[in-house]
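**Q** Mind having a look at this structure? Questions to follow.
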């Protein structure tokens, strides 16, 4: 397979990316757009939507920007403001999808929204009895409840014909997380749980000819991460040598970081694969998918920040 999918590989397919405002979600939506898909981009941050639906982040990115990016890359981007913690809002999304499209081919559960809640590195490894309980429970709700609510309401649109794809996006594979403690009890549980969701939902989808897979990016150059080092995607390497005044240098491992489009291209490749069922119930990295399908990141590289951790 070439570095990029055919621009019509997913033409006519309908994908929903839940949590498409920024980070991996935006990269996934964009990559599906590169392959011609119609991508419904959901999230809370909206340029023109209801102001009372607010993200936990005070960030400028919006679902409209993501949808415009999808369309600019050759797909059809459709922004829909949804708080995926609110079952009624997700039910209404399902109703709209049924009316407008009749079916969903790809559902990506990328909702997270707890990056601020996990805290900065000095606060990591705080034991559960000292960790703020409400913060921890909020983290779990954002990471797990949102995925369950979304699957409950949207999977009926995916199983009405064989071949549907459900992607659960998390941090770390089942294997890499098995023997590693991750930041806090709450964060650790959240990331392990999402991998298990792909396994358990894959068990249920098999009966309907569907596929569920958990995919993790490596060190992701999200908007938040780039801001931490005072760089943008176009000059991210400047963070490696400490040349950005007023900002810390990125650790050496940042050399193997990846753009959000990298995981997106992996998911688009699975969606276009007639043999996608081979991934059912598995937990894989964006770099594993790059090796399997032959695509690259935006800069032509195939980074693998998990290599040194496995």
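The values are calculated or read from the model by the stated rules, or taken from the named source; none is laboratory data. Being a predicted model, the structure only gives us computed values, none of them experimental. When we count neighbours, we look across all protein chains shown, and the Cβ atoms used for this are built from the backbone with ideal geometry, even at glycine.
**Q** Right, residue 69: surrounded by 23 or more Cβ atoms within 10 Å (Cβ to Cβ) and farther than 18 Å from residue 112 by Cβ or not?
**A** Here the answer is no, as residue 69 does not meet what is asked.
**Q** Could you please find all residues in the stretch 225-268 being surrounded by fewer than 17 Cβ atoms within 10 Å (Cβ to Cβ) and either in contact with a strand residue (DSSP E or B) (Cβ under 6 Å, 6 or more places away or on another chain) or not in a helix (DSSP H, G or I) (or both)?
**A** Passing the criteria: 230, 232, 241, 242, 243, 244, 245, 246, 247, 248, 249, 251.
**Q** Against the condition crowded, with 20+ Cβ neighbours inside 10 Å, part of a helix (DSSP H, G or I) and either in contact with a strand residue (DSSP E or B) (Cβ under 8 Å, 6 or more places away or on another chain) or assigned by TED's automatic domain parsing to the domain that holds residue 279 (or both), how does residue 146 come out, does it pass?
**A** Answer is yes for this residue.
**Q** It is to be established whether one or more residues within the stretch 269-282 are surrounded by 14 or more Cβ atoms within 10 Å (Cβ to Cβ) and closer than 14 Å to residue 218 by Cα.
**A** So far as the stretch 269-282 goes, no, none of its residues is surrounded by 14 or more Cβ atoms within 10 Å (Cβ to Cβ) and closer than 14 Å to residue 218 by Cα.
**Q** Next question, about the same structure. Can you tell me how many residues in the stretch 197-217 are within 23 Å of residue 304 (Cα to Cα) and assigned to a helix (DSSP H, G or I)?
**A** Residues flagged as within 23 Å of residue 304 (Cα to Cα) and assigned to a helix (DSSP H, G or I) within the stretch 197-217 amount to 1.
**Q** Sort out which residues of the stretch 153-184 are assigned to a loop (DSSP other than H, G, I, E, B), closer than 18 Å to residue 93 by Cβ and under 19 Å from the mean Cα position of the chain (by Cα), and write them in order of number.
**A** 164
**Q** Shifting gears a bit: Looking at 155, 165, which one is assigned by TED's automatic domain parsing to the domain that holds residue 281, in contact with a helix residue (DSSP H, G or I) (Cβ under 7 Å, 6 or more places away or on another chain), in contact (Cβ under 8 Å) with a residue 12 or more places away in the chain and over 19 Å from residue 220 (Cα atoms)?
**A** Step by step, each of 155, 165 is checked, and only 165 is assigned by TED's automatic domain parsing to the domain that holds residue 281, in contact with a helix residue (DSSP H, G or I) (Cβ under 7 Å, 6 or more places away or on another chain), in contact (Cβ under 8 Å) with a residue 12 or more places away in the chain and over 19 Å from residue 220 (Cα atoms).
**Q** While we're here: If you check residue 92 against the conditions, is it in the same structural domain as residue 189 (by TED's automatic domain parsing), without any contact (Cβ under 8 Å) to a residue 12 or more places away in the chain and surrounded by fewer than 18 Cβ atoms within 10 Å (Cβ to Cβ)?
**A** For residue 92, the condition - in the same structural domain as residue 189 (by TED's automatic domain parsing), without any contact (Cβ under 8 Å) to a residue 12 or more places away in the chain and surrounded by fewer than 18 Cβ atoms within 10 Å (Cβ to Cβ) - is met.
**Q** How many residues, within the stretch 238-263, are in contact (Cβ under 8 Å) with a residue 60 or more places away in the chain and over 19 Å from residue 288 (Cβ atoms)?
**A** 0
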